[in-house]
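Quick notes on the structure that follows.
Each reported figure results from applying straightforward, stated rules to the coordinates on display, with no laboratory input. Model, not experiment: these values are computed from the prediction. No Cβ is skipped: glycine too gets one built from the backbone with ideal geometry, and neighbour counts run over all protein chains shown.
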Amino acid sequence: MKFNLKSIKMKYKILVFLLGIIIINCDTKPSQECIDSLDASSKVKNNVEMYSKIWDTAINGRNLEVINLENFDENIKTITADGDVVGIEAFKAYYSNYIIGFSDAEFNIVDAFGQGDKLVKHWSFKGTHDGEFFGIPATGKKVDLIGTTLVLMKDGKILQEQDFFDNYSFLAQLGLIPTD
């Protein structure tokens, strides 16, 4: 059997040309599913970027004025073991304890990801307990914590948070409970 190299090259060129047209057509006319997926991905990306910037400014920048109606839903809620903290002013007062209690607070978001309006944040917090913290007088002890926060967004604003961390370790680092 004889191969006609010119014929094979021509067929190959036609195949490449047709594949190119298909690829271009797919790129210029994406399906609704593709559009929805890109929109959802963009929404999560925007939420994560905004969320990260807000908490960097609030804790590391020591500027709780970013806890406002521009960035948080008016019914912002943080879920705690002692009861929910609801509303902008209560939320701001709650987090002021971290600013007052740890003048050298260092807060880092290790990773954040999400789906839809739900985000998960893995974080670390370091600082020296040199001020009153939720009624606990300064101990002068250094803390180094890691934790996770579940976040609910609404219309590009923070609506709800719930932190998870090892409270026993935190209290032990503050010297408030025995470490044995």
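From the alpha carbon gyration tensor of region 117-180, can you work out the equivalent ellipsoid semi-axes (sqrt of 5 times each eigenvalue) and give them in Å, largest to smallest? Please list the in-between numbers first.
Values: eigenvalues 161, 34, 18 Å².
Listed largest to smallest, the semi-axes of region 117-180 are 28, 13, 9 Å.
Per residue, how big is the convex hull around the C-alpha atoms of region 64-140? Give it to me in cubic angstrom, could you?
On the way: hull volume 8.8 nm³, N = 77.
That works out to 114 Å³ per residue.
Once the convex hull of the alpha carbons of region 39-180 is built, what does its volume come to per residue, in cubic angstrom? Please report the intermediate quantities before stating the final value.
Working: hull volume 14.3 nm³, N = 142.
Convex hull volume per residue, Cα atoms: 100 Å³.
Would you tally the net charge around residue 94, using a Cβ to Cβ cut-off of less than 13 Å, leaving residue 94 out, and scoring K and R as +1, D and E as -1? Please report the intermediate quantities before stating the final value.
Working: positive: 77, 92; negative: 82, 84, 89, 161, 163.
That sum, taken over residues with Cβ under 13 Å, equals -3.
What is the magnitude of the charge dipole of region 81-120 about its Cα centre, with +1 placed on the Cβ of each Lys and Arg, -1 on the Cβ of each Asp and Glu, and no other charges, expressed in debye to the nearest 20?
Details: 2 positive and 7 negative charges, 17 e Å.
It comes to approximately 80 debye.
Could you work out the local net charge near residue 68, counting Lys and Arg as +1, Asp and Glu as -1, over the other residues with Cβ closer than 13 Å to its Cβ? Don't jump to the answer; show the numbers that get you there.
Working: positive: 92, 157; negative: 65, 70, 73, 74, 89.
Once positives and negatives cancel, what remains is -3.
For every other residue with a beta carbon closer than 14 angstrom to the beta carbon of residue 103, add +1 if it is Lys or Arg and -1 if Asp or Glu, then tell me the sum.
On the way: positive: 62, 126, 141, 142; negative: 104, 106, 130, 132.
Taking every Cβ under 14 Å from that of residue 103, the sum is 0.
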